[in-house]
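What follows is a single structure, written as structure tokens, with notes after it.
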Amino acid sequence: MKSENMVEAVNVYRELSSNGRRLPILRGISFSVASGEWVALTGPSGSGKSTLLGILAGIDKPTSGNIRVGGYEISAQSENNLARFRNQMIGIVFQSFNLIPTMTALENVEAPMYIHPNKRNAQSLAADMLRQVGMGDRFHHLPHQLSGGEQQRVAIARALVTRPQLLLADEPTGNLDSSNSKQVMQVIQEMSRRMNLTVIMVTHDSSVASYADRCLHIMDGRLAEQEPEKPPRFPVNQVAA
Ligand SMILES: Nc1ncnc2c1ncn2[C@@H]1O[C@H](COP(=O)(O)OP(=O)(O)OP(=O)(O)O)[C@@H](O)[C@H]1O
Ligand SMILES: [Mg+2]
């Protein structure tokens, strides 16, 4: 249902053990993200942004707390269920692209479909997704034959080929110059509209954060919600009339 929240996190804690000592990383994080909303996650290095994204993706588990994604309680699932959840519900994009170096662009995008129910259409879906991100003329290039911006567009196609509802991105433009960064952001924006994606994106870059509807700021493992970076829709001086 469209009005339902895509993500609901309640009192999420994550502790690590280091030399027998407990090290708190996330200290009671609660928030929700509406379906179709775009949220930027910002905060200083080491504040727990990637840890939180990993938990939302079901890659990592919270020490305590509850996470629902798409109405699905992920904190108490078996590994098999989580693997299916990650494959069908979530797309993930990283700063370092993480393409498989020995596989072509098309093969990289097909890969998540090998374990997807719609497996038999893997190649045509991968080709279609590569065209949608503007990489229709690079099917048979290996990652090292592509620029950083092109590799990231292939990685976006790979994240979206399974038709997920939630896109998680960890500093997706962190390795790109400003012109490639803008192009990648425009591709993500266009795809998020076409697919009605919910987007949660970690970034240090305010021009990247400005694509978001809302900004969540994390500091020492806790959240402080911030005003959106966009200008207000109704400037104050126009309201008086
Ligand atoms: N496997 C691990 N073992 C020990 N400490 C870890 C581990 N993973 C993360 N940490 C610690 O957890 C804290 C949060 O890390 P995290 O990677 O989530 O930060 P971040 O906000 O993504 O930082 P950055 O902006 O630098 O990417 C850091 O202090 C980090 O050193
Ligand atoms: Mg990080």
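What follows is calculated from the coordinates using simple rules that are stated; it is not laboratory data. Please read these numbers as outputs of a predicted model, since none were measured by experiment. FYI the Cβ positions are ideal-geometry reconstructions off the backbone, even for glycines, and counts take in every protein chain you see.
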The rounded separation in angstrom of the Cα centers of the range 26-54 and the range 181-214 is 15
Is the C-alpha gyration tensor of the range 1-103 telling us rounded, prolate or oblate? Criteria: a/c under 1.5 is rounded; beyond that, a/b larger than b/c is prolate, otherwise oblate.
rounded
What number do you get for the range 119-225 when its Cα radius of gyration is normalised by 2.2 N^0.38 Å, N = residues?
1.14
Note down the magnitude of the dipole of the range 1-153 about its Cα centre, charges +1 on Lys and Arg C-beta and -1 on Asp and Glu C-beta and zero elsewhere, to the nearest 20 debye.
300
Rounded to whole Å and ordered largest first, report the semi-axes of the equivalent ellipsoid of the range 60-203 derived from its Cα gyration tensor (root of 5λ).
25, 18, 14
Which whole-number percent is the relative contact order of the chain (Cα, under 8 Å, 6+ apart)?
26
Expressed in angstrom and ordered largest first, the alpha-carbon extents of the range 39-88 along the principal axes are 34, 22, 16
Using θ = phi - 60° and the Karplus curve 6.51 cos²θ - 1.76 cosθ + 1.60, what whole-Hz ³J(HN,Hα) does each residue of the range 9-15 get, with Gly and Pro shown as x?
10, 10, 6, 7, 10, 9, 10
Between residue 37 and residues 5 or more places away or on another chain, which pairs have amide H atoms under 5 Å apart, with H built 1.01 Å from N, and which residues are they?
199
Treat each spin label as a single point 7 Å out from the Cα along the C-beta direction, and report the residue 224 to residue 18 distance in nm.
2.2
Which value in deg cm²/dmol, rounded to the nearest 500, describes the helix-derived mean residue ellipticity at 222 nm for the chain, given -39,500 (n - 2.57) per DSSP H run of n ≥ 4 and division by the residue count?
-9000 deg cm²/dmol
Return the sequence-ordered ³J(HN,Hα) values of the range 114-123 in whole Hz as given by the Karplus equation 6.51 cos²θ - 1.76 cosθ + 1.60 applied to θ = phi - 60°, using x for Gly and Pro.
4, 10, 9, x, 8, 3, 5, 9, 3, 5
Using a Gaussian network model of the chain with C-alpha springs under 10 Å, which one of 207, 178, 17 is most mobile by mean-square fluctuation?
17
Efficiency by 1/(1 + (r/R0)^6): what FRET value for residue 189 and residue 59, r their Cβ-Cβ distance, R0 = 22 Å, to the nearest 0.05?
0.30
Which of 56, 168, 146 ends up with the largest GNM mean-square fluctuation for the chain, with Cα atoms connected below 10 Å?
146
Semi-axes, largest first, in whole Å: what does sqrt of 5 times each Cα gyration tensor eigenvalue give for the range 160-214?
18, 12, 10
Can you give me the long-range amide H partners of residue 60? Hydrogens built in the peptide plane at 1.01 Å from N, cutoff under 5 Å, separation of 5 or more residues or another chain.
55
Amide H partners (placed H, <5 Å) of residue 29, local residues excluded:
11, 12, 13
Working out 0.36 nm times the residue gap between residue 114 and residue 66, then minus their Cα-Cα distance, what length gain in nm do you get to one decimal?
14.3 nm
With N residues in the chain, Rg(alpha-carbon) / (2.2 N^0.38 Å) equals 1.04
Report the paramagnetic label zone for residue 8: residues of the range 21-65 whose backbone N is under 11 Å from a point 7 Å from Cα along the Cα-to-Cβ axis.
32-33
